[in-house]
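Novice: Got a structure here, written out as structure tokens. Questions coming.
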């Protein structure tokens with residue numbers, strides 16, 4: 001700005017020019033507004049920093065790890081974007097270069113966690129264990145594992161995320177879930193009938209409700225109730241064995 005004013009300063013002839021009574025009241029607000037817009041534009045450029053593919057992979061993993069911990073501690077609606085980005089050591093504005101919304105971010109966490117659990121389940125299902133041992137190991141070791149974030153998300157939060165997702169994505173998700181159940185049933189030697197799929201889906205929902213309802217009873221009691229539910233399912237699927 002000083003450089004731009006230099007030619008006018010050099011041409012000054014010590015004489016008073018034309019009076020502009022309201023010049024200050026126009027120039028100063030306009031100058032302040034221009035400075036403010038420039039500052040915002042610069043900040044946006046900084047926040048929208050371009051990350052390499054490796055950086056994006058590492059940052060997304062940090063974001064998911066932070067989000068999982070916050071989800072368990074505070075619940076979906078109480079977690080802020082600022083808390084997520086702080087855990088990943090990136091600017092708040094950079095969040096939207098990775099996800100379009102907070103709901104999309106939490107959906108990514110659920111999908112990632114589900115993928116890990118599925119790999120563990122299929123690994124157990126392929127082992128030379130009895131059906132009772134397989135079912136117990138799958139539900140006690142994986143679904144009731146304290147580190148299994150997705151199982152401890154309250155049903156209300158899950159429904160909230162689902163409502164925010166595109167309809168086509170949810171239909172694809174239901175189809176994938178049904179296919180997953182069939183794979184698990186096949187590996188465990190259980191008939192993959194529609195009735196059995198609905199039974200497993202209902203049992204999982206019942207277990208989730210029991211474990212996330214921390215206002216009703218202490219965790220030890222809730223785990224005991226979950227054990228009763230699981231043993232009932234074991235007896236049902238192994239009744240002919």
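Novice: Spin-label point model (7 Å from Cα, Cβ direction): what's the residue 78 to residue 141 distance in nm?
Specialist: 3.4
Novice: May I ask you to order 117-126, 132-141 by the average number of other C-beta atoms within 10 Å around their residues, highest value first?
Specialist: Details: 117-126: 15.7, 132-141: 17.7.
Going from most to least packed, we get 132-141, 117-126.
Novice: Under a crude label model (7 Å from the Cα following the beta-carbon direction), how far is residue 112 from residue 195 in nanometres?
Specialist: In this crude spin-label approximation the distance works out to 4.1 nm.
Novice: With the contact rule set at Cα under 8 Å and sequence spacing of 6 or more, what percent relative contact order holds for the range 116-241?
Specialist: Values: 66 pairs, mean separation 42.0, N = 126.
Reported as a whole number, the value is 33 percent.
Novice: How far apart, in nanometres, would the label points at residue 172 and residue 224 be if each is projected 7 angstrom from Cα along the Cα-to-Cβ direction?
Specialist: 4.5
Novice: Another one. For the range 110-133 and the range 72-88, what is the separation of their C-alpha centers, rounded to whole Å?
Specialist: Taking the Cα centre of the range 72-88 as reference, the centre of the range 110-133 is 29 Å away.
Each value in this text was obtained by applying a stated rule to the coordinates, not by laboratory testing. Quick caveat: nothing in here was measured; it's all calculated off a predicted structure. FYI the Cβ positions are ideal-geometry reconstructions off the backbone, even for glycines, and counts take in every protein chain you see.
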